[in-house]
Amino acid sequence: MKRLVLFAGLLLLAVYGTPAGAQTGRLIREESSLAYELVHPFHTIDATSKDVTYTLELDAAKKEIKRVEAQVDVTTFDSGNSNRDSHAMEVIDALSFPDVKFVSSAIKQKGDSLRIAGSLTFHGVTKEIIAAGVTQWSGDRLSVRGAFELSMTAFNIERPSLLMIPVEDRLSFSFVAVFALD
């Protein structure tokens, strides 16, 4: 009887448990980041957050990423100019909308190239976006680098101006996510 119960338990775990080969990676925060670039005719603004959280589900044996999520507090971006960063937080209403979150809905891989589709919630608005990326698998580590763009006006953000000239509507992001594969 005990063997039957143990067998049934193992069978249920096999059927309903974690998908075969699926695992998660442990984020290496000090090597991971999210950066943005904002372009004005007179200068380009770059800011980076090292405080982004990336999570993923993968099949390391097949070198396939199954699902990804990312979240960052917008107040953690640093452009090297605290006045500019404070103004950026006003523009995006960081007190009301402090977090940006991405959840993948589909990931297509071809070799080391990725096409990641999913929902991005920014400034209280959720839109579907597509990010392009590249993976690098080495031993017990996985590095994912990529980029995506979004329209500020599509996320109900008024474009800031300098000398009465607004910045471009395009906001470009680049990301680096490094994981230890335990």
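The values are calculated or read from the model by the stated rules, or taken from the named source; none is laboratory data. Keep in mind that what you see is a predicted model, and the values were worked out from it rather than measured. Quick reminder, even Gly has a Cβ in these numbers, built from the backbone with ideal geometry, and neighbours come from all protein chains shown.
A quick yes/no check of all residues on (1) farther than 16 Å from Thr24 by Cα; (2) surrounded by fewer than 14 Cβ atoms within 10 Å (Cβ to Cβ):
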site	(1), (2)
Ser82	yes, yes
Val100	yes, no
Val103	no, no
Leu114	yes, no
Val125	yes, yes
Gly139	no, yes
field: From Glu37, Glu64, residue being more than 14 Å from the chain's Cα centre (by Cα) and either under 25 Å from Ser151 (Cβ atoms) or at pLDDT 95 or above (or both)
entry: Glu37
Some residue of the stretch 136-144 being of a type in the set (Phe, Trp, Tyr) and modelled with pLDDT under 95: yes
- request: Answer yes or no as to whether Phe173 is farther than 17 Å from Val74 by Cα and either assigned to a strand (DSSP E or B) or more than 18 Å from the chain's Cα centre (by Cα) (or both).
  value: no
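If we scan the stretch 158-175, do we find a residue that is under 26 Å from Leu58 (Cβ atoms), touching an Asp or Glu at 6+ places or on another chain (Cβ under 8 Å) and either surrounded by 13 or more Cβ atoms within 10 Å (Cβ to Cβ) or aliphatic (A, V, I, L, M) (or both)? Walk me through how you get there before you give the answer.
Taking the stretch 158-175 first, the residues under 26 Å from Leu58 (Cβ atoms) are 173-175.
From what is left, the residues that are touching an Asp or Glu at 6+ places or on another chain (Cβ under 8 Å) are 173-174.
Narrowing further to those that are either surrounded by 13 or more Cβ atoms within 10 Å (Cβ to Cβ) or aliphatic (A, V, I, L, M) (or both): 173-174.
Yes, that holds for at least one residue.
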- prompt: Does at least one position in the stretch 45-55 carry a residue that is surrounded by fewer than 12 Cβ atoms within 10 Å (Cβ to Cβ) and either touching a Phe, Trp or Tyr at 6+ places or on another chain (Cβ under 9 Å) or over 30 Å from Leu181 (Cα atoms) (or both)?
  reply: no
- prompt: Within the stretch 141-151, can one find any residue that is more than 26 Å from Ile28 (Cα to Cα) and surrounded by 12 or more Cβ atoms within 10 Å (Cβ to Cβ)?
  reply: yes
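Please work out which residue is nearest to Lys63 (Cα to Cα), limiting yourself to the stretch 133-155 and to residues that are aromatic (Phe, Trp, Tyr) and without any contact (Cβ under 8 Å) to a residue 40 or more places away in the chain.
To start, the set of residues in the stretch 133-155 that are aromatic (Phe, Trp, Tyr) comprises 137, 148, 155.
Now drop any that are not without any contact (Cβ under 8 Å) to a residue 40 or more places away in the chain, which leaves 148, 155.
On the way: Phe148: 22, Phe155: 34 Å.
Among those residues, the one meeting the criterion is Phe148.
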